[in-house]
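Have a look at the structure below, then the notes.
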Amino acid sequence: MYTREFWDKIYQKHFSDAPWMSPQWADAGIKVLENYIPPAPPQGDILDYGCGNALISEHFMRKGHALELAEISDQLVDWLRNQYTDVPIHLVSSPGDISGQDKYDFVIAWGVFHHINPNLWGQFLGDFHRIMKPGALLLISGWDDTDMILKNEKKLGRFTRQRVWYINMLDDMISWRKNEYDVLESKIIPVKLDAFPQDRMIRFIVARNK
Ligand SMILES: C[S@@+](CC[C@H](N)C(=O)[O-])C[C@H]1O[C@@H](n2cnc3c(N)ncnc32)[C@H](O)[C@@H]1O
């Protein structure tokens, strides 16, 4: 279901009215980033994986960070390449499509994992580990069971229900990978936003083992 074609269709129809494309959403995301990344947004090379329209990346660009973006949607990547001519932008289906190792100090996967089939989460975590530098931070967020998608579950089917269910398992999945990651924080945080019907999100801050 969550293929490149799926996301291209979303971006053909909802380029500016998808909830995460609104500046209010970026503001909320940035507040969370500013409040919670210990001790301050890290310096160095950043990858914003599943960056959407890069509202969150812009915050880091303004602070002078070197950034790379990765997205699954052709449509969106064309748009991003026009907007950000000096920024490397990867068209990907998974982090496995990003070559090399030990490249990034900070990887952001904000609002992405709940769109990924949970069967692939292990693979994603393995590839993030490969491209992160030792000690680098990985920031993950996802909705919990207040996800608006649950309210449409009859229409959207079993897989949707499962992925919301399983986001609670990501915490365990990361902590089982002790030889790769240390979980610095796993937290449910309230989000109160007019633009969003969800009430809570789950946020993980994880460090790659040195
Ligand atoms: C809810 S949006 C979040 C966008 C952005 N991170 C933000 O918080 O504003 C999820 C994004 O993940 C992208 N995405 C979904 N599956 C992906 C995958 N397998 N690889 C890379 N990006 C993906 C979608 O195209 C979409 O832009």
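What follows draws every value from the coordinates through simple rules; no lab data is involved. No experiment lies behind these values; they were computed from the predicted model shown. All Cβ positions, even for glycine, are placed from backbone atoms using ideal geometry, and neighbour counts span all protein chains on display.
The label point for residue 4 and the one for residue 27, both projected 7 Å from the Cα toward the Cβ, are 3.6 nm apart.
Using a cut-off of 29 Å between Cα atoms, the listed pairs 9/210; 133/187; 13/63 include 9/210; 13/63 as exceeding that distance. Within the range 1-95, the trypsin sites (Lys or Arg not before Pro) that combine a DSSP coil assignment with at most 14 other C-beta atoms in a 10 angstrom radius are 63. Note that the range 83-100 has calculated 3J(HN,Hα) couplings of 6, 10, 6, 9, 9, x, 10, 9, 8, 9, 9, 7, x, x, 7, 9, 7, x Hz, one per residue in order, obtained from phi through the Karplus relation 6.51 cos²θ - 1.76 cosθ + 1.60 (θ = phi - 60°); glycine and proline are x.
Computed from the C-beta positions of residue 185 and residue 97, the FRET efficiency with R₀ = 30 Å rounds to 0.60. In terms of the mean number of neighbouring beta-carbon atoms within 10 Å, the peptides 99-106, 47-54, 22-29, 128-135 order highest first as 47-54, 128-135, 22-29, 99-106. Rounded to the nearest Hz, the phi-derived 3J(HN,Hα) couplings of the range 73-79 under the Karplus curve 6.51 cos²θ - 1.76 cosθ + 1.60 (θ = phi - 60°) are 8, 4, 3, 5, 5, 4, 4, where x marks glycine and proline.
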